1. From the list B:Ala765, B:Ala739, B:Ala759, B:Ala724, which residue is small (Gly, Ala, Ser), at pLDDT 95 or above and more than 37 Å from the chain's Cα centre (by Cα)?
2. Starting from region B:659-670, keep only residues that are assigned to a loop (DSSP other than H, G, I, E, B), then list their pairs with residues that are buried (at least 20 other Cβ atoms within 10 Å of the Cβ) and among the small types (Gly, Ala, Ser) whose Cβ atoms are within a distance under 7 Å, requiring at least 6 positions of separation or different chains.
3. Is it the case that B:Thr581 is surrounded by fewer than 24 Cβ atoms within 10 Å (Cβ to Cβ), in contact with a Leu (Cβ under 6 Å, 6 or more places away or on another chain), among the polar types (S, T, N, Q) and not assigned by TED's automatic domain parsing to the domain that holds B:Arg663?
4. Does B:Gly665 satisfy the condition of being touching a strand residue (DSSP E or B) at 6+ places or on another chain (Cβ under 9 Å) and within 20 Å of B:Arg740 (Cα to Cα)?
5. Give me the residue from region B:474-485 that is surrounded by fewer than 22 Cβ atoms within 10 Å (Cβ to Cβ) and either more than 9 Å from every other protein chain (Cβ to nearest Cβ) or not small (Gly, Ala, Ser) (or both) and, out of that set, farthest from B:Glu768 (Cα to Cα).
6. Restricting to region B:187-199, name every residue that is within 19 Å of B:Pro133 (Cβ to Cβ) and either surrounded by 24 or more Cβ atoms within 10 Å (Cβ to Cβ) or within 14 Å of chain A (Cβ to nearest Cβ) (or both).
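The values are calculated or read from the model by the stated rules, or taken from the named source; none is laboratory data. Computed from a prediction, not measured in an experiment: that's the story for all the values here. Neighbour counts are summed over all protein chains in view; Cβ atoms, including those assigned to glycine, are modelled from backbone coordinates with ideal geometry.
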Amino acid sequence: MPARIGVVTFPGTLDDQQALRAAAAVGAGPVELWHKDRDLHQVDAVVLPGGFSYGDYLRAGAIARFSPVMDTLIDAARGGLPVLGICNGFQVLCEAHLLEGAMIRNGDLHFINRDVTVRIENNRTAWTSDYEAGAEAVIPIKNVDGRFVADERTLDTLEAEGRVLARYLANPNGAARDIAGITNAAGNVVGLMPHPEYAIDELTGPAGFIENRRVPGTDGLPFFTSILKSLVSA
Amino acid sequence: MSTGHVSDQPFDTTSVFEDTAAAFDTVAKAATTPEVKQPYRELGMTEDEYLRVREILGRRPSSSELAMYSVMWSEHCSYKSSRVHLKQFGEKAPKTAALLVGPGENAGVVDVGEGLAVTFKVESHNHPSYVEPYQGAATGVGGIVRDILTMGARPIAVMDPLRFGPADAPDTARVLPGVVAGVGGYGNCLGVPNIGGEIVFDPCYLGNPLVNALCVGVMRADEIKLAKAPGPGNQVILFGARTGGDGIGGASVLASATFDEDGPAKRPSVQVGDPFMEKVLIECCLEIFAADLVVGIQDLGAAGLTCSTTELAAAGTGGMDVRLDAAPLRDSTLTPEEVLMSESQERMMAVVEPAKVEAFLAVCEKWDVTATALGEVTDTGRLRMWWHGEVIVDVPPRTLAHEGPVYNRPFARPQWQDALQADVPTAARLRRPEGADELRETLLKLVGSPNLADKTWALEQYDHRVQGNTVLGHGEDSGMVRLDAALPGTSLGVALSTDGNGRFAKLDPYAGAQLALAEAYRNVAATGARPLAVTDCLNFGSPEDPDVMWQFAEACRGLADACLELGTPVTGGNVSFYNQTGEVNIHPTPVVGVLGVIDDVDRRTRGAFEREGEILLLLGDTRDEFGGSEWAHEVHGHLGGLPPRLDLHREKVLGEVLIAGSRDGMLSAAHDLSDGGLAQAVVESCLRGGHGARLVLPETDADGNALDPFVALFSESAGRAVVAVPRSEELRFTDMCVARGLPVARVGVVDGTVLSGEAVLSGEAVLEVQGQFTVPLTELRAAHEGPFRKLFGHSVVDA
């Protein structure tokens, strides 16, 4: 039986179908999870997808964090279940205190949908092991509250423990220390602002001539091949 | 019937209500108090229209009925000035089996094959967007998305053709950033990708920006939903957001009667959107459709509950009983008139068989959507409404929905039209650039002018990737999405382009409308898709001005004639009149959207020049045509002469060649030629592909006359495109053009690094116009991509 990757749908979630498509694209079994259902249905890993859960009212991710499914997920993540929070999912992970820091409004105050280049700084997590260390990947961002912030001590800790997962080559939003994604100490919980699920094929991904070089449009795939391999080998 | 009491005096409210039991007007009261003065003028009705309502009802209308007639018979809802001209779109419609639902429904539907149907429509939200740019634009997106949803389709893309005053005008700095943020703020939160549109500047839009919004949706062809309420006993269910006091507009004339002096202030007349609610509503509706739980459905847009109840009832068994006071309210002080007129967003109305009500409510419960049974379908032929036990409305619904006034407004060719057309921008009239340096300077100026400059600053505020089916987005000739949402795994896709040129239409509205259609048609074909159907947003000035009415009549005639010739029927659209600042009307601005279908999205043609050594071919004829051109506008502030001449047969042939070239894998890139001519197209394709080009300009025009470099570079002759073909395909492709009678000329090659000239030292990619000038790509990029961000990048928006 292939590894099963669950994708949570909150009201206002937008990127759930694409996360399911990415899971299927690498040969995993995609499983839809519903916010009101505490049961994780024996999935082997979970993606918290992007969108505007509960309209991002109050604060991005602040309401979703209290969904029934999150009660179970928080415990499971602490127990080692691999969890990838993308964009709004990253915000939910921060609100749930599974990851440090917070996301605030982009530096120019606008929504930004752009194909950005990130450098993978940590390829030792369950979600990034298929990248070469220091690999550069062109992956789209699409958010308005995408600017990662944390206090200096937390940032220093993240750096010292090698928990900065990915950094922007050209910081689009004023994120502290160019941080695009981080991981927890165990490496099973990962938060990422860019959307690797939208960089899985040449047809719909960021392909072509971007930032002075030719890109294939598939630079996000290793997030999904990584988790599949780590689940198979586990 | 006594009508002697009708006057334009303000409504004396005290005399109506003071000695009656209920604090609101009822049908019973209306029957016994014919003398009451009613504020029909304040509600925008003429005396004749008011008298007709009295004649229909055989009494004076209750104030709720008056509110309903005033809004349903408004220009916006009734198309009373435009209807006689819009008829042509049906009468002259080309015969096509693809058309499943034509004009009149919420949106037209076309068959795209593989059992799928696509529905699409463009609408305007011009006036609200001037008053409140963010919410005006946001609710414009929300409204058109609900129209598409109402047809039973999943919304899969939006596009926004926008027009503003001069780019450097202070008010544009207020309006544009707000509109862009509103389009993005709403659409992004809905999860519907924004895949194209336009941003155009002209002084005529300074006090009246045009904010048009297009949406496209996909469904299985056998699952089309219609706005109708058949079957007596079926339940009428209102679901979605609660009804609030926003967007009431004119109804405040009636509502003010109930405001005491310390009461709430008048509410905003622009609606306020909640995209999160709409996203939930979309998923809720799609689940309801999938389970086949409705027999009819209608969204609540303009005229809110008034429109939805009358249109559903009029298209169904003919009657409906509604308990209006059962509608969930955000504000318990709303009067029945206000509830009827409210344009609160994110509301839908469904007609549900009694046996399915429980299942319907269960889906709403799953999505936490409020749903309330308001009433039921009847066969009485009357739409009746109750408010706290009293009948406040009792009308024949067809008289509201379909039998409103129709006007044959007078129109006449404006006296100034001849002089305008005679002012041809010849070389003698407008000074043209001479010599290499001036040509180079002109190119840099034009590619950085507000209309031609790169709009990334605005466009990257829109999510174009969500749903994962966007094959072509902003910057391409047309947007393209795969139809995977309705048929997983399919390679079938649709392409969409919207175009419009107010300057061309001002010079000649008949030709201007046709040129807009031709450009959108060409753009769709350039990406490899076969143009199938048309939607239009007709933005004009005051219909009461015979000049404007002539422009409108000519534009409709032109568009209908061209649609017939190109074989693409108009499936629906929108008319927006009264676009004016004071007495000054905007340029007539028909915006035309063309939808095309492509069997295999892998075959789409992009616009970027990406492969060194490929051959550049110019398709079509170039003439000395600068009337209404970007060059005349930007360099001289001139508008005169005639727009480029149009040959619809040629457009069709060009389209066929572009589609065949894509299908047979002969084309690496294609880009249509329009605003800014060959120069603009080549610059865009070079920058997108990160490659230079060496251009060899053609030396003669279609008639064998000498073609000077200025005309070759900047003329806006229609029916043209530039394509890049691999050397191995050049002969096959040119043979095909020749066989079909399409002029084709080799105009250069795609370059990697420069082979000659001053930039050789740096090894930098350049655009070289042979024998004229050379510009490094870095300089082009700065000129093209810098200005827009500089103009608007510092604006701060309330969002």
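1. B:Ala739 is the lone residue from the list that is small (Gly, Ala, Ser), at pLDDT 95 or above and more than 37 Å from the chain's Cα centre (by Cα).
2. Here the result reads B:Leu667/B:Gly661; B:Ser668/B:Ala724, each pair linking region B:659-670 to a residue that is buried (at least 20 other Cβ atoms within 10 Å of the Cβ) and among the small types (Gly, Ala, Ser).
3. no
4. So B:Gly665 fails the test.
5. Step by step, filter region B:474-485, then rank; the result is B:Asp484.
6. B:Gly187, B:Asn188, B:Cys189, B:Leu190, B:Asn194, B:Gly197, listed by residue number.
One line per residue, one yes/no per condition, for (1) more than 29 Å from A:Leu109 (Cα to Cα); (2) among the acidic types (Asp, Glu):
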| residue | (1), (2) |
| --- | --- |
| B:Asp423 | yes, yes |
| B:Glu434 | yes, yes |
| B:Arg440 | yes, no |
| B:Lys445 | yes, no |
| B:Val466 | no, no |
| B:Asn469 | no, no |
| B:Ala485 | yes, no |
| B:Pro488 | yes, no |
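This table checks each residue for (1) charged (D, E, K, R); (2) within 22 Å of the chain's Cα centre (by Cα); (3) at pLDDT 90 or above.
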{"site": "B:Gly184", "(1), (2), (3)": "no, yes, yes"}
{"site": "B:Gly187", "(1), (2), (3)": "no, yes, yes"}
{"site": "B:Leu190", "(1), (2), (3)": "no, yes, yes"}
{"site": "B:Lys228", "(1), (2), (3)": "yes, no, no"}
{"site": "B:Gly233", "(1), (2), (3)": "no, no, yes"}
{"site": "B:Phe239", "(1), (2), (3)": "no, no, yes"}
{"site": "B:Ala257", "(1), (2), (3)": "no, no, no"}
